[in-house]
Amino acid sequence: MHKLVFGSIRLFARYMCSRNCQERLYAYLAMREQQLYEFKYDKKKGLYIGWAKYKFDYIYSCYPGFLSFVILGLIYKNYGAVNHVIAMTTLLVTIVICYIPAYKAVFADNRYLKYFKEFETKGKKWHKKWKRITIVFCFGGFAIVIFGVAILFDIMIGLENFRFPILGH
């Protein structure tokens, strides 16, 4: 979007402004492009690092979520119906307890900056390997949540009592 806007301003300046005005405008646009680049790509507080932190939070939370579903199934099996407050508390406590070590390993004291330096020195083959690991990590998080819900249902009602409509039995 910014390329379209800045390109339109440059085009306008080329035909409608004097040479002095063009030079000042181009200098201003260069400064704004640098600011925009820093806003998006700054390694400590950039937009993409913020998105990466949130995505890591959500995807990593899927893994302890599996444990939460198993615990909820066991609570239901032993005590009967589970209150919503107890269910949410179980989910939150399990996720928070499991998340603290992961957060400290990656984001505490901007530790991830060390990983940036390592990534910059490695080759394409190494980057490809870590892209694959990241994809497996993301899909694994979603798969483990689905598996956790299936185990929850299995503990609660037993899958032999559960009717799958797509299987036709």
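Quick notes on this structure:
- The helix-based estimate of mean residue ellipticity at 222 nm for the chain, built from -39,500 (n - 2.57) per DSSP H run of four or more residues and divided by its residue count, is -28500 deg cm²/dmol to the nearest 500.
- Exposure of Cys21 as accessible area (Å², to 10), given a probe of 1.4 Å and all protein chains: 40
- Hydrodynamic estimate: the Kirkwood radius of the range 1-41 over Cα pairs, inserted into Stokes-Einstein at 25 °C and 0.890 mPa s, corresponds to D of 231 µm²/s.
- ³J(HN,Hα) computed for each position of the range 34-48 - Karplus, 6.51 cos²θ - 1.76 cosθ + 1.60, integer Hz, glycine/proline x: 5, 5, 5, 4, 5, 4, 7, 10, 4, 6, 9, 9, x, 4, 6
- Rounded accessible area of Phe153 (nearest 10 Å², 1.4 Å probe): 80
- With the charge dipole of the range 47-161 set up from +1 on Lys and Arg Cβ and -1 on Asp and Glu Cβ about the Cα centre, the Cα lying farthest toward the positive end among the listed residues Phe107, Leu72, Ile59 is that of Phe107.
- To put it simply, the accessible area of the chain at a 1.4 Å probe is 67 percent carbon and sulfur.
- Look at the alpha carbon pairs under 8 Å that are at least 6 residues apart: their mean separation over the length of the chain gives a relative contact order of 28 percent.
- Chain lengthening between Asp154 and Lys40 when straightened (0.36 nm per residue, less Cα-Cα): 36.5 nm
- Accessible area of the chain divided out per residue, in Å², using a probe of 1.4 angstrom: 77
- Full extension of the chain between Gln22 and Ile97 yields a length gain of 21.3 nm, computed as 0.36 nm times the residue separation minus the alpha carbon distance.
- Candidate values [x] 45, 42, 13; [y] 50, 20, 17; [z] 35, 16, 15, label of the one derived for semi-axes √(5λ) of the Cα gyration tensor in Å: [y]
- For the range 59-72, 3J(HN,Hα) computed residue by residue from phi via the Karplus equation (6.51, -1.76, 1.60; θ = phi - 60°) reads 6, 5, 5, 5, 5, x, x, 4, 4, 4, 5, 5, 4, 4 Hz, glycine and proline entered as x.
- Each residue of the range 142-147 was assigned a 3J(HN,Hα) from its phi angle through the Karplus curve 6.51 cos²θ - 1.76 cosθ + 1.60 (θ = phi - 60°); the sequence is 5, 5, 5, 5, 4, 5 Hz, with glycine and proline shown as x.
- Between Gly158, Gly148, Gly123, the Gaussian network model of the chain with springs among Cα atoms under 10 angstrom shows the greatest mean-square fluctuation at Gly123.
- Surface listing: Thr89, Thr121 arranged by accessible area from highest to lowest gives Thr121, Thr89, probe 1.4 Å.
The values are calculated or read from the model by the stated rules, or taken from the named source; none is laboratory data. Since we're looking at a predicted model, the values are computed, not measured. Ideal geometry is used to build each Cβ from the backbone, glycine not excepted, and the neighbour counts take in all protein chains shown. Surface accessibility is based on the protein's heavy atoms, side chains included, excluding ligands, DNA and RNA. Shrake-Rupley method; radii C 1.70, N 1.55, O 1.52, S 1.80 Å.
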